[in-house]
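Chemist: Could you have a look at this structure, given as structure tokens, before my questions?
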Amino acid sequence: MKIPPSKTTDSKKFNEDFNQFREEVFAVGTLGAVSYVVKGMHELPGRKSILLISDGFRIYSRDDPDRNYRTLLALRRLIDQANRATVVIYT
């Protein structure tokens with residue numbers, strides 16, 4: 001029994017969308033964890049540093065610029081929070 005091409009295309013699109021969503025959730029989770037550390041360091045005196053080691057995550061998408069908006073929003077919040085707490089994040 002052969003699967004119709006439309007079902008194969010639909011399942012590929014679904015898998016791509018699901019994997020993109022999964023990557024985005026992991027990226028936002030990573031940025032949330034770093035945000036938690038920055039909050040804890042806020043009250044410490046002087047300039048603070050964090051070293052972030054990661055496989056990397058996608059911030060922008062060539063296909064759809066609005067696709068990774070959660071990641072980009074979390075990144076902008078983290079940057080603002082780190083600046084206010086005088087924390088430098090090295091990647």
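The values are calculated or read from the model by the stated rules, or taken from the named source; none is laboratory data. Computed from a prediction, not measured in an experiment: that's the story for all the values here. Ideal geometry is used to build each Cβ from the backbone, glycine not excepted, and the neighbour counts take in all protein chains shown.
Chemist: Residues in the range 28-85 that are among the polar types (S, T, N, Q) and more than 25 Å from PHE18 (Cα to Cα): how many?
Modeler: Adding up the residues that qualify gives 4.
Chemist: Among the residues of the range 10-53, which ones are farther than 23 Å from TYR69 by Cα and not charged (D, E, K, R)?
Modeler: SER11, GLY40, MET41, HIS42, LEU44, PRO45, GLY46, SER49, ILE50, LEU51
Chemist: Can you name the residue in the range 22-49 that is at pLDDT 95 or above and of a type in the set (Val, Ile, Thr) and, of all such residues, is nearest to the chain's Cα centre (by Cα)?
Modeler: Result: VAL34.
Residues are listed down the side, and each one gets a yes or a no for (1) in contact (Cβ under 8 Å) with a residue 40 or more places away in the chain; (2) in a loop (DSSP other than H, G, I, E, B); (3) surrounded by fewer than 12 Cβ atoms within 10 Å (Cβ to Cβ); (4) of a type outside the set (Lys, Arg):
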| residue | (1), (2), (3), (4) |
| --- | --- |
| LEU31 | yes, no, no, yes |
| VAL37 | no, no, no, yes |
| SER49 | yes, no, yes, yes |
| ARG58 | no, yes, no, no |
| ARG67 | yes, yes, no, no |
| ARG70 | yes, no, no, no |
| ALA74 | yes, no, no, yes |
| LEU78 | yes, no, no, yes |
| ASN83 | no, no, yes, yes |
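Chemist: Follow-up. Could you say whether any residue in the range 8-19 is in contact with a Phe, Trp or Tyr (Cβ under 7 Å, 6 or more places away or on another chain), of a type in the set (Ser, Thr, Tyr) and either in a strand (DSSP E or B) or modelled with pLDDT under 90 (or both)?
Modeler: no
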